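> Got a structure for you, written out below as structure tokens; questions coming shortly.
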Amino acid sequence: MSTVVELNVGGEFYTTTLGTLRKFPGSKLAEMFSSSAKACTDAEGRFFIDRPGTYFRPILDYLRIGQVPTQHIPEVYREAQFYEIRPLVKLLEDMPEIFGEQVSRKQFLLQVPGYSESLELMVRLARAEAITARKSSVLVCLVETEEQDAYYSEVLHFLQDKEKSVVKFGPWKAALDSSDLLYCLAMDIKAQGYKAAYDLFLVYAAKTTKIYFNIYSFTFTWW
């Protein structure tokens with residue numbers, strides 16, 4: 001019979017067996033409780049894992065009886081990745097909450113060169129302009145194709161001459177359009193805890209009669 005063990009996972013206590021914890025050989029969780037692993041214990045002698053205890057229960061239920069979680073899917077997915085329980089990771093990746101984010105949206109953003117860096121620049125510029133101000137704005141230019149890149153080069157120079165903060169995204173090679181990228185930007189800014197809204201920004205350049213539809217003003221509200 002498998003040895004019974006007591007666990008302290010982030011301050012929450014569980015009782016299970018070594019057989020359950022080692023159910024998937026090669027996983028990090030199984031490695032933690034291998035004979036050669038150096039155990040970390042708390043003051044009561046329980047095996048200690050420094051991870052969120054709340055989301056370990058669904059992990060344990062899956063190891064025990066194969067029960068697939070139905071709540072807190074993103075959090076359980078993160079823990080399943082940490083413990084490297086690959087069958088559970090794969091099951092969770094087929095769920096809408098994870099499929100949409102990990103497979104669809106992130107694969108789209110991988111086609112947008114420098115997306116994370118440009119997003120970080122947006123936030124940094126907005127923060128720099130927020131001193132003593134309730135709101136600050138950053139202009140965003142979305143360039144879908146190489147042809148649009150050339151078309152928008154003139155107006156970008158114009159805005160920079162006017163000392164406007166402009167962050168350019170693209171061009172990219174994907175089936176999704178600017179509205180999809182706008183949604184991603186708004187979603188990721190909100191995920192960082194910022195409050196921002198965007199609207200179309202009309203450019204009045206005296207030297208050009210071109211119309212620019214893919215320039216937006218993102219307004220951050222600070223207080």
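> So which pairs qualify, if the first residue must be in region 1-29 and more than 22 Å from A43 (Cα to Cα), the second must be open to solvent by 40 Å² or more (accessible area, probe 1.4 Å) and among the hydrophobic types (A, V, I, L, M, F, W, C), the Cβ gap must be under 8 Å, and the two must be at least 6 apart or on different chains?
K28/F82
> Is at least one residue of region 80-98 among the aromatic types (F, W, Y), closer than 30 Å to Y14 by Cβ and modelled with pLDDT of 95 or more? Break it down stepwise before answering.
Taking region 80-98 and keeping what is among the aromatic types (F, W, Y), we get 82-83.
If we keep only those that are closer than 30 Å to Y14 by Cβ as well, we get 82-83.
Next, only the ones that are modelled with pLDDT of 95 or more stay: 82-83.
Looking for residues that are among the aromatic types (F, W, Y), closer than 30 Å to Y14 by Cβ and modelled with pLDDT of 95 or more, one finds at least one in region 80-98, hence yes.
> Just to be sure, is E154 assigned to a helix (DSSP H, G or I) and out of contact with any helix residue (DSSP H, G or I) (no Cβ under 7 Å at 6 or more places or on another chain)?
For E154, the condition - assigned to a helix (DSSP H, G or I) and out of contact with any helix residue (DSSP H, G or I) (no Cβ under 7 Å at 6 or more places or on another chain) - is met.
> Which condition number in (1) closer than 26 Å to Y194 by Cβ; (2) surrounded by 13 or more Cβ atoms within 10 Å (Cβ to Cβ) is the one that Q107 fails?
That leaves (2) as the condition not met.
> Considering (1) at pLDDT below 95; (2) assigned to a helix (DSSP H, G or I); (3) closer than 27 Å to A174 by Cα; (4) open to solvent by 50 Å² or more (accessible area, probe 1.4 Å), say which one E120 fails and leave the rest.
(1)
> Same structure again: Name the residue, out of A130, A197, A174, that is out of contact with any Cys (no Cβ under 8 Å at 6 or more places or on another chain), open to solvent by 30 Å² or more (accessible area, probe 1.4 Å) and either under 13 Å from F220 (Cα atoms) or not in a loop (DSSP other than H, G, I, E, B) (or both).
A197
> Could you look through region 92-101, keep only residues that are open to solvent by 50 Å² or more (accessible area, probe 1.4 Å) and without any contact (Cβ under 8 Å) to a residue 12 or more places away in the chain, and pick out the one that is farthest from I189 (Cα to Cα)?
Here the answer is D94.
> Which helices (runs of 4 or more DSSP H) does region 9-80 wholly contain that include 3 or more residues that are in contact with a helix residue (DSSP H, G or I) (Cβ under 6 Å, 6 or more places away or on another chain)?
Once the helices (runs of 4 or more DSSP H) in region 9-80 are filtered for at least 3 residues that are in contact with a helix residue (DSSP H, G or I) (Cβ under 6 Å, 6 or more places away or on another chain), what remains is 56-65.
> Read through the list (1) open to solvent by 50 Å² or more (accessible area, probe 1.4 Å); (2) aliphatic (A, V, I, L, M); (3) touching a residue at least 12 places away in the same chain (Cβ under 8 Å), then give the number of the only condition that L63 fails.
Among (1) open to solvent by 50 Å² or more (accessible area, probe 1.4 Å); (2) aliphatic (A, V, I, L, M); (3) touching a residue at least 12 places away in the same chain (Cβ under 8 Å), L63 violates only (1).
Residues are listed down the side, and each one gets a yes or a no for (1) closer than 26 Å to E97 by Cα; (2) among the aromatic types (F, W, Y):
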| site | (1), (2) |
| --- | --- |
| E6 | no, no |
| Y14 | no, yes |
| T20 | no, no |
| A39 | no, no |
| G45 | no, no |
| I49 | no, no |
| I59 | yes, no |
| Q71 | yes, no |
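> For region 133-155, what are the residues that are open to solvent by 40 Å² or more (accessible area, probe 1.4 Å) and aromatic (F, W, Y)?
Passing the criteria: only Y151.
> Let me ask another. What residue, among those in region 1-39 that are within 14 Å of I85 (Cβ to Cβ) and among the aliphatic types (A, V, I, L, M), is surrounded by the most Cβ atoms within 10 Å (Cβ to Cβ)?
Within region 1-39, the match that is surrounded by the most Cβ atoms within 10 Å (Cβ to Cβ) is L21.
> Return only the number of the condition from (1) free of Cβ contacts under 8 Å to residues at least 60 places away in the same chain; (2) more than 30 Å from P74 (Cα to Cα) that G193 does not satisfy.
(2)
> Tell me, which residue of region 66-79 that is open to solvent by 70 Å² or more (accessible area, probe 1.4 Å) and more than 20 Å from the chain's Cα centre (by Cα) is nearest to T15 (Cα to Cα)?
Of everything passing the filter in region 66-79, Q67 is nearest to T15 (Cα to Cα).
The values are calculated or read from the model by the stated rules, or taken from the named source; none is laboratory data. A quick note: this is a predicted structure, and the numbers were derived from the prediction, not measured. For neighbour counting, all protein chains shown are included, and Cβ atoms are generated from backbone atoms with ideal geometry for every residue, glycine included. Calculation scope for accessible area: heavy atoms of the full protein, side chains included, ligands and nucleic acids excluded. Shrake-Rupley method; radii C 1.70, N 1.55, O 1.52, S 1.80 Å.
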